[in-house]
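Computed from the coordinates by the stated procedures, all read-outs in this text should not be read as laboratory data. Owing to the predicted nature of the structure, the values given are computational and were not obtained by experimental measurement. With ideal geometry, Cβ positions are generated from the backbone for all residues, glycine too; neighbour counts draw on all protein chains shown.
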Amino acid sequence: MSAMPDLQSLWMPFTANRQFKAAPRLLVSAKGMYYTDAEGHRILDGTAGLWCTNAGHGRDEIIDAVHRQMRTLDYAPPFQMGCPVAFEAARRVAALMPPGLDRIFFTNSGSESVDTALKIVLAYHRARGEGQRTRFIGRERGYHGVGFGGMSVGGIGANRKAYAANLMPGVDHLPATLNVAEAAFSRGQPAWGAHLADELERLLALHDASTVAAVIVEPMAGSAGVIVPPRGYLERLRELCSRHGILLVFDEVITAFGRLGAATAAERFGVTPDLLTLAKGINNATVPMGAVAVSRAIHDAILGAAPENAIELFHGYTYSGHPAAAAAAIATLDLYAREGLFERAARLEPVFESAVHALRDAPHVKDIRNIGMAAAVELEPRAGQAGARAYEAFLACLQAGVLVRFTGDVLAFSPPLIIDEEQIATLFGTVREALVRIR
Ligand code: PXG
């Protein structure tokens, strides 16, 4: 039992602050698959924090690497100076990316990665004399973080509403691919929905393809509740982008580093984008870090267009490639490889899939979706109280010692990749009991 801190000063992000502070939920320590809360209860982590601690919590190898790095070099300016650990981290990240995407720009979060990717896209077209390509196409229900760029290409109404007048201009959106009427209870990629990629052709006709800079999508939409790409959908987007000289950006902040049983969703789905955004699992969330993996052709075009000895891209962060974050990334990628965690996720996927789909006959369940070590259970909203059921189910699970994520009336699951079969059974068994208990 730890003392309750004064809760007033901290304005919590994406949180119902008043509701939370009236009945706080505090996590005070973590190890492996478990958190410990302020009352000393052990809580099974069904969400890998926020889809990020893919190797589990409190990994000594990562902590020790950060500690050693901090004692050696705490900070070095990343503009016009460098430190070896950042270069090594970039080399290691590049080695996991799809062929060709081997130039790595470091950021500190997924939001910064997205805004960085959008800026690189614009700089690239301009470098090639195609400065008229300024439009971006995102997708409804997409989440690309909270910067003005990412929010603008994002498609979650609640995240945009208060800022609507100041969103980035020149953005349009593809329709979301979720369709419960057509594809409820799909296992893995739905068979229905590839034709939705053809909506891109409609948008290209409307805006003229020559004005479009890039299409950005999450290969699997995480925040919106695990929306899995229909079979053939990403392939079709790739084909249309290539045909029209438009860059394709995959936002892999959630999907990279094993979540889908491979280093990237691009690898899993066999579709290679031109840029790929990263964060979260890049260093097990030990220290804030994000990155953009960029095709060498784009990198070289931007560098080649600048005068000799000039800065080629006017962009970067004080903490780009921060030594602590970079050391954590190297140690994390070592751990992923040593423990074969991406392969482990692929191997456990059928177990995870069966366990979540076993909830099909549980009360309130409207749809179940899954791929890799990610799954969502969508609930029928209670009449006049949208979101209440998922929130109550979340609380009931927490009470029973299991952390799940909820958004709207969707429960989402994305455990650390070290989860075992027994813990998978506990996770979904607890969810069933919670669904039985709520009304
Ligand atoms: N892109 C994607 C695809 C994301 O999932 C971001 C960008 C932004 O990353 P940062 O590091 O700026 O937060 C994300 C973040 C959830 C949840 O429960 C998802 C995210 C963050 C918080 C909660 O779905 N994804």
Enter the mean projected area of the convex hull around the alpha-carbon atoms of the chain, in nm², rounded to one decimal.
-> 21.4
Which longest uninterrupted range of the chain lacks any GluC sites (Glu not before Pro) assigned by DSSP to a loop state (not H, G, I, E or B) and surrounded by at most 12 other Cβ atoms within 10 Å?
-> 40-307
Would you mind pulling out the separation of the Cα centroids of the stretch 170-202 and the stretch 33-90, in Å?
-> 36
For the stretch 150-156, 3J(HN,Hα) per residue [Karplus equation, 6.51 cos²θ - 1.76 cosθ + 1.60, θ = phi - 60°, Hz, x = Gly/Pro] | x, 5, 5, 7, x, x, 10
Label point distance in nm, Gln80-Gln399, each placed 7 Å from Cα along Cα→Cβ = 6.1
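If you stretched the chain out fully between Thr211 and Leu50, how much longer would it get, using 0.36 nm times the residue separation minus the C-alpha to C-alpha distance?
Values: separation 161, 0.36 × 161 = 57.96 nm, distance 3.58 nm.
Here the segment from Thr211 to Leu50 would lengthen by 54.4 nm.
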Which FRET efficiency value, to the nearest 0.05, is calculated for Ala23 and Ser2 with the Förster distance at 25 angstrom and r the Cβ-Cβ distance?
-> 0.90
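When the chain is fully extended, how far beyond the present Cα-Cα distance does Lys119 get from Ala337, taking 0.36 nm per residue of separation? Mind dumping the intermediate values first?
Working: separation 218, 0.36 × 218 = 78.48 nm, distance 3.20 nm.
This chain segment gains 75.3 nm when fully extended.
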Spacing of the two label points (7 Å from each Cα toward its C-beta) at Ser242 and Thr72, in nm = 4.1
Here the longest stretch of the chain that holds no chymotrypsin sites (Phe, Trp or Tyr not before Pro) in a DSSP loop having at most 12 other beta carbon atoms within 10 Å is 80-313
